[in-house]
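See below for the structure under consideration.
The values are calculated or read from the model by the stated rules, or taken from the named source; none is laboratory data. Predicted model, so just to flag it, every value in this text is computed and none were measured. No Cβ is skipped: glycine too gets one built from the backbone with ideal geometry, and neighbour counts run over all protein chains shown. Remember, those area values only see protein heavy atoms, side chains included, never the ligands or the DNA or RNA. Shrake-Rupley method; radii C 1.70, N 1.55, O 1.52, S 1.80 Å.
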Amino acid sequence: RQHEAPRRVKRAWVIPPISVSENHKRIPHLLVQIKSDKQQPGGVIYSIKGPGVDEEPLGIFSIDKFSGKVFLNAMLDREENDRYRLRAFALDLGGVTLEDPTDLEIIVVDQNDNRPLFRQDVFTGRVVEGAEPGTCVMTVDATDADDPDTDNAALRYSILEQGAAGMFSINATTGEICTARPGLDRETMGVYNLTVQAADMSGDGLTTTAMAVIYLEDINDNPPEFSKEEFSMEVDEQAAGVDVGKVFVHDKDLAGSPSWLAKFTILEGDPEGAFAIRTDPHTNDGVLSVVKPLDHEVRDRFELTVSVQNERPLEPSAPASPRALATVRVRVRDVNEAPVFRENPRRISVLEGTPPGTPITTYTASDPDTHRIQTLSYALLYDPADWLQLDPHAGTVRTKRELLHPSAFLQGGWYIALVLARDDAEPPLSATGTLSIEILEVNDHAPQLQPPAGVLCGRPGRGGTLLLGATDDDRPPHGAPFHFQLSPQHPQLARNWSIARFNVTHAVLAVLAELPEGLYSLPLLLRDSGTPPLEQQQLLNVSVCHCGRDGTCLDGVLAAATAGAGITLGALMIILGSTILLLVLAALGAARARSRRRALRKGLLQRSRDDMRDNILNYDEQGGGEEDQDAYDINQLRHPELFSLRAKPPLRRDAPLSSGTPLAPRKLPSSPSDIEDFINEGLEAADSDPSVPPYDTALIYDYEGSGSVASPLSSIVSSLTDEDQDYDYLSEWGPRFRRLADLYG
C-alpha cells in the first residue's frame, strides 16, 4: 500500500508569528486575519483554540468566525507568559473541515516595566586588616524580571557612598567589591558601611539600592607585653592545686581572638614541675599555681622565668616586644602539716560471726613535721553499725560486737569505717583513713522453700506438675545451686510423687499416680551448695484439684484451691485450731440453749397467752421449723375445719426406721379456743417420744405486742411418725407453709 503524497498548503493558510507589546492599552486590538481559499467568502467558519482562548488564562484572544480576524482583548504581561501558541481551524457551513489546523504563535514583546531587585537588603563581607589592594571581599547581585535578552534587564552596579577614605571599589558588571587602597587597620576602623546601587538599561534605567557591610578581621600584628619585669608571690607549704598569684599583660589586638589570647611558659627555675601557669580567658593575664606540694624544709624559695606569646604566631611585619619575659619570685611559708596515712584505704578481711574483742588490724598514721616533736591520737570517725573499738594511742582496731551478714551497713560485702588521726600542735591538724573490712561469708543459712504451697491437677502427665523454688540468705558460693528431694524419712512418698531438677534454683514436682482431690503436706529436704552444705526439711502444702480435659483445674476447684494456696503451715495450724475452738464453743452454746429452752417452754406459753395477733411479723428460729420469718395467715389455725386432712398420717422423714409409730394421729382442734390444748399435747408427745430426733423442740418467739387472739405456736402434729402420713395438705395452707410442704411432702 502506497503512502499518500503530502498535500500542498496554500500560502494564505500559513500564518507567521505575530508580535504584540506587553501592557498594550488599546483593546480590542486586531492582531491578524486568517483566511482559507477552499470556499467563497462567507462560506467558511473560523475558530481558534489554546491558552488564552479556551484554556487558562481565558478570554485574552478571540476570532471573528466569518472574517477570520483575531483580536487581543486584555493587556499582556511578558513576565507571566512570553508567548501563546494557538491552533486555527477552518470549517464549512456544515461543519466539515476545509483546511488542516494550522499554528498561530503570538509573541509578547518586553517593555522595561520592572525595577531591579537586590537578592538581600544587607550584604555582609569580611577582609583581614592590611589586605593588599585588589583583594576581593564580596559580591552583590540583583535580578530584573524583564527580558534578559534586552537592555531592560542589563544591570550595572556602583557604590554611592562609603566614606571619605574610598577604600573599596565595585565591578560595574559583576557587582564584586574589592579593596582599592592599602592601609586597612582594624585598630583604626573595624567596620565599613557601603551603599551600592543597581540600574537596568545598562545603568540608565530603573535603579535600586542595598547596604554592604564589610568587617575587618584582626591579624596578630601586636605582640603581648608584661606590665612589669618582676613579680613577687608567697604560698604555704604542702598546698597543692592552689593559685599563687597573677602576672599581668596587655595586647592591642581584638580581645578574645587568637591574636589576643596569651600563652605563658615557665622557662627556668622549676625543674621538678611543681608550678603551672595558665591564661585567664577573661583578662588574658597569667595565673601561677602549685601543682605539687612544696616542702619548706626542703626548699623555701623559687625564682621562675616566664615568657608570653600569642596563640596565633605573630605577623612578620609586627614589631618585636621588649617585654616578652618576666621574673617571678615565690617564697614558701612554713606551716604545720597534717598526719598522713601511708596506706589509705586499708583493706582487711574478717570472718562473719567473729566474736567481740578480736583484734583485726592496727591502723596508724605518720607526721611529716619531722622537725617537731608531736604525738598522734586516734578515734573512730565513722562506724555506722558500732561494730568496732579503737585504741586511741596504738591505733589497734578490735571487734566490739559480732559481725553479721547480711546487714544494711554492708556495701557489697564490705564494711566501711573511718579512722581519725590528730596531732597535738596549735592548732591541731588531723587526717582521715578509710578502713575497708570485707566480711567473709559463712554458710549459716539453710535454703527456704518459696512458695511453701501450690496447686496442681491430680492426674499424671496432664497438669500434674508444680514448679518449686528456693531462696538462701547466704551469698555465693554458699547459696545456689539447690538440691530438692523428698524427705528420706518418708520413703512412701516416692510412690506418688517425684522431684526433678529444673535449674540451679528451681525443681519440678510431678504426680506419678492419679490422686484424689485434697490438701497434701509433703516433707521436702532442701540443701544448698555451701561449704559445708546446709540442709533443712520443710513442708510443702499441695492442693490437688480436679483436672479438666486440657489438664488444668476446673474453675470452681481452682478458685477454692487458689484461696488456700500460699498459706504457710503455721498459719494453717492456727486456722484449724481456731475452727475447732469455735465448734466447741458452738456446741456448748447449743447445749445450754436447749436446756434453757425446755425450762422456759411452759412459762413462755403462759406469758404469751395474752399476746395474740393475726400476723407473726418476725421471730428467732432456735431449732427446726420454718425458715420463713415473714407474716403468714393464721386463719388456717382458727378455722381448721375448712382444711381437711388426708387419710394417711404425715410421714416423719427425720425419724429412724426402727422408731415406733403412734396408734393414731392426733385430732385437730375444732375451734380456736382449743389451739393451746392442741399445742401442749404436741409438746408432751414430742418430749415423751425417745425415737424422735431433737429437731422438733420448742420454738422461742420474740414478743410481738398485744391484741392477737392467737397463742404461740410450736410444731403441729409433729409427733406423728406414721410412715404413711401424707404432708401434701400443707401446700393448701397458704404460701407460709410451703416450706414445710417441700420438706415433708
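Number of residues in the range 75-114 that are within 21 Å of Glu22 (Cα to Cα), open to solvent by 40 Å² or more (accessible area, probe 1.4 Å) and without any contact (Cβ under 8 Å) to a residue 60 or more places away in the chain: the value is 6. Restricting to the range 197-209, name every residue that is open to solvent by less than 10 Å² (accessible area, probe 1.4 Å) and in a strand (DSSP E or B). Hits for the range 197-209 are Ala198, Ala199.
For the range 153-187, the set of residues classified as out of contact with any Asp or Glu (no Cβ under 9 Å at 6 or more places or on another chain), open to solvent by 70 Å² or more (accessible area, probe 1.4 Å) and either under 23 Å from Asn220 (Cα atoms) or outside the structural domain of Cys136 (by the TED database) (or both) consists of Arg181 only.
Taken together, Leu418, Leu388 contain a single residue that is closer than 30 Å to Gly530 by Cβ and outside the structural domain of Glu535 (by the TED database), which is Leu388.
Among the residues of the range 367-379, is there at least one that is under 26 Å from Leu410 (Cβ atoms) and of a type outside the set (D, E, K, R)?
Yes, some residue in the range 367-379 is under 26 Å from Leu410 (Cβ atoms) and of a type outside the set (D, E, K, R).
Out of Arg475, Arg459, one residue alone is among the charged types (D, E, K, R) and more than 38 Å from the chain's Cα centre (by Cα). It is Arg459.
Residues in the range 342-394 that are open to solvent by less than 40 Å² (accessible area, probe 1.4 Å), in a strand (DSSP E or B) and either touching an Asp or Glu at 6+ places or on another chain (Cβ under 9 Å) or over 20 Å from Leu420 (Cβ atoms) (or both): Ile348, Val350, Tyr378, Leu390. Residues being surrounded by fewer than 16 Cβ atoms within 10 Å (Cβ to Cβ) and assigned to a strand (DSSP E or B): count how many of those fall in the range 277-301. Total meeting the criteria: 2. So Ser436 passes all but one of these: (1) in the same structural domain as Trp387 (by the TED database); (2) closer than 27 Å to Arg549 by Cα. Which condition number does it fail? All conditions are met except number (2).
Restricting attention to the range 520-534 and to residues that are outside any loop (DSSP other than H, G, I, E, B) and loosely packed, with under 15 Cβ neighbours inside 10 Å, the residue that is modelled with the lowest pLDDT turns out to be Ser521. Evaluated against (1) surrounded by fewer than 16 Cβ atoms within 10 Å (Cβ to Cβ); (2) more than 30 Å from Ala172 (Cβ to Cβ); (3) among the polar types (S, T, N, Q), Asn220 falls short on exactly one condition, (1). The single condition from (1) at pLDDT 90 or above; (2) open to solvent by 70 Å² or more (accessible area, probe 1.4 Å) that Val328 fails is (2). Residues that are in a strand (DSSP E or B) and open to solvent by 80 Å² or more (accessible area, probe 1.4 Å): does the range 405-416 have at least one? Within the range 405-416 (the criterion being in a strand (DSSP E or B) and open to solvent by 80 Å² or more (accessible area, probe 1.4 Å)), the answer is yes, since at least one residue qualifies.
In the range 195-213, is there at least one residue being without any contact (Cβ under 8 Å) to a residue 24 or more places away in the chain and out of contact with any Pro (no Cβ under 6 Å at 6 or more places or on another chain)?
Taking the range 195-213 and keeping what is without any contact (Cβ under 8 Å) to a residue 24 or more places away in the chain, we get 204.
Now narrow it down to the ones that are out of contact with any Pro (no Cβ under 6 Å at 6 or more places or on another chain): 204.
Yes, because at least one residue in the range 195-213 is without any contact (Cβ under 8 Å) to a residue 24 or more places away in the chain and out of contact with any Pro (no Cβ under 6 Å at 6 or more places or on another chain).
Among the residues of the range 305-322, not a single one is at pLDDT 90 or above, outside the structural domain of Leu403 (by the TED database) and of a type in the set (D, E, K, R). Could you figure out which of (1) in a loop (DSSP other than H, G, I, E, B); (2) under 53 Å from the mean Cα position of the chain (by Cα); (3) charged (D, E, K, R) isn't true of Lys252? Answer for Lys252: the failing condition is (2). For the range 143-182, residues that are in a loop (DSSP other than H, G, I, E, B) and either under 17 Å from Val213 (Cα atoms) or without any contact (Cβ under 8 Å) to a residue 24 or more places away in the chain (or both) total 12.
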